[in-house]
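Below is one structure; the comments refer to it alone.
Readers should treat all values here as calculations from the given coordinates under stated rules, not as data from a laboratory. All figures in this text were calculated on a predicted structure; none of them were measured in a lab. Cβ placement follows ideal geometry from the backbone for every residue including glycine, while neighbour counts extend to all protein chains displayed.
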Amino acid sequence: MRVARFYAPGDIRLEDIDEPTPGPAEVKIRVRACSTCGTDVKISRFGHHHIDPPRVMGHEIAGEVVEVGADVPGWTAGDRVQVIAAIPCGECSFCAAGQQNICPNQVSMGYHFDGGFAEFMIVPVNVLNVDGLNRIPDGLSFEEASVAEPLACALNAQELVRINPGDDVVVVGSGPIGCLHVRLARSFGAGRVFLVELSRERLDMAAALVSPDAAICSADTDPIATIRELTDGRGVDVAITAAASGAAQEQALQMLARGGRISFFGGLPKDKPTITLDSNLVHYSELTIVGANGSSPDHNKRALQLIAEGKVPVKDLITHRLPLDQVLDGIGIVSRGEAIKVTILP
Ligand SMILES: [Zn+2]
Ligand SMILES: [Zn+2]
């Protein structure tokens, strides 16, 4: 079978290897769609300390069951499935408390296990043990189902930051995650949703798809002043930073209303993880700052449902569909910000 394997930074190879055979506690799937994201770009450039090469990349996975291990109940060949990316242990105190997404023993598809940039893939027992193999609802395509994983991460963030009906929300960063955040905030009943982005091209591309109440290019205008104007000086109730930028986090904090809440959704570069924070702003305005790390199996299930019910449409966010042989082109397109979502159809 054909796979795309990571060997080292800058060295991802398309190879033909033997099809994997599932063990008694595993399920084998025919991968039908595996979406790409900024994480794939990061891995391709820098690798990751959890990746022991060679490793099949790809973690936004949807496919069809082709073989079921003898000890695995509930699945049959032909079942259409979505696979979680971050796999919690299911046994630690965080998992027991329902905080699987911050499980310290977490392992991941495409890191510890071979991922979805392949014709076939094994769903490991770790995924099955935490109910991380999800049935794709009827009527939902594989490519749409593959976007459930990033949407699950957005869902985790928006639950933590709490979006109340009528809240004004600003999303900073208009990549695929920013677009998902805009749509998810609307599904939570947000009042107005504003979108801020540095690149005019990326902003226009995203705004044409997700129609924010205002699309603000922070290269052209002061985004803090613009948000203040749009909200009669009040500021927004919720800010979500979907960009790997400390400046974006600093700016977004200044856009908040009193009592406002901010999700630092996008992580910062490892060599520059600090920002300058006006602590008195947090103190006097009673701001809440929350983090966001991945998603739980339950978030994945609910994300699939949100897509299936049409509450968060994703089909139009897939701007590029490529065969497995063009996965490197796909990662290049993502890295240059020329797409919203690039989905590989192996
Ligand atoms: Zn991803
Ligand atoms: Zn755990």
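Structure summary
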{"quantity": "Modelled FRET efficiency - R0 30 Å, ASP222 with ASP271, Cβ distances, 0.05 increments", "calculated": "0.60"}
{"quantity": "Net charge contributed by nearby residues that have their C-beta within less than 12 Å of THR21 (K/R +1, D/E -1)", "calculated": "-3"}
{"quantity": "Share antiparallel - DSSP beta bridges, the chain, percent rounded to 5", "calculated": "55"}
{"quantity": "Order of VAL31, VAL282, VAL172 - criterion: other Cβ atoms within 10 Å of each residue's Cβ, fewest first", "calculated": "VAL282, VAL31, VAL172"}
{"quantity": "Whole-Hz ³J(HN,Hα) from phi, Karplus 6.51 cos²θ - 1.76 cosθ + 1.60, for region 200-206, glycine and proline x", "calculated": "4, 4, 5, 4, 4, 4, 6"}
{"quantity": "Selection from GLY294, ALA97, SER245 lying farthest towards where the dipole of the chain points positive, charges on Cβ", "calculated": "SER245"}
{"quantity": "Convex hull volume per residue for region 111-169, taking Cα atoms only, in Å³", "calculated": "158"}
{"quantity": "Computed over region 227-304, Kirkwood Rh from alpha-carbon pairs, angstrom", "calculated": "13.6"}
{"quantity": "Charge-dipole axis of the chain as Lys and Arg at +1 and Asp and Glu at -1 on Cβ define it, positive-most pick from LEU209, PHE120, GLY235", "calculated": "GLY235"}
{"quantity": "Set of aspartates and glutamates with alpha-carbon distance to LYS270 below 18 Å, sequence-local pairs under 8 removed", "calculated": "ASP40, GLU250"}
{"quantity": "Ranking of ASP16, ASP325 by count of other Cβ atoms within 10 Å, fewest first", "calculated": "ASP16, ASP325"}
{"quantity": "Proximal aspartates and glutamates relative to LYS28, as straight alpha-carbon distance under 15 Å, when same-chain residues fewer than 8 apart are discounted", "calculated": "ASP18, GLU19, GLU64, GLU67, ASP71, ASP79, ASP114, GLU119"}
{"quantity": "Cα convex hull volume per residue for the chain (Å³)", "calculated": "128"}
{"quantity": "Reach of LYS272 by Cα under 24 Å, taken over lysines that are not fewer than 8 positions away in the same chain", "calculated": "LYS42"}
{"quantity": "Peptides 93-100, 59-66 ordered by average Cβ neighbours within 10 Å, highest first", "calculated": "59-66, 93-100"}
{"quantity": "Computed Rg/Rh of region 15-116, alpha carbon atoms with Kirkwood Rh", "calculated": "0.98"}
{"quantity": "Folded to 0 to 90 degrees: helix 297-308 orientation relative to the chain principal axis, Cα", "calculated": "80"}
{"quantity": "Expected 222 nm ellipticity per residue - DSSP helices of 4 or more, -39500 (n - 2.57), all of the chain, to 500", "calculated": "-8500 deg cm²/dmol"}
{"quantity": "All Cα pairs of region 286-342, percent lying beyond 17 Å", "calculated": "61"}
{"quantity": "Cβ crowding within 10 Å averaged over residues, with 283-290, 215-222 ranked highest first", "calculated": "215-222, 283-290"}
{"quantity": "Percent RCO, i.e. relative contact order, over the chain, from Cα pairs under 8 Å lying at least 6 residues apart", "calculated": "19"}
{"quantity": "³J(HN,Hα), Karplus 6.51/-1.76/1.60, whole Hz, each residue of region 55-66, x for Gly, Pro", "calculated": "9, 5, 7, x, 10, 10, 10, 9, x, 10, 5, 10"}
{"quantity": "GNM flexibility winner over the chain from ALA154, ALA77, ALA86 (Cα, springs under 10 Å)", "calculated": "ALA77"}
{"quantity": "Sorted by Cβ neighbour density within 10 Å, fewest at the top, the residues LYS28, LYS311, LYS270", "calculated": "LYS270, LYS311, LYS28"}
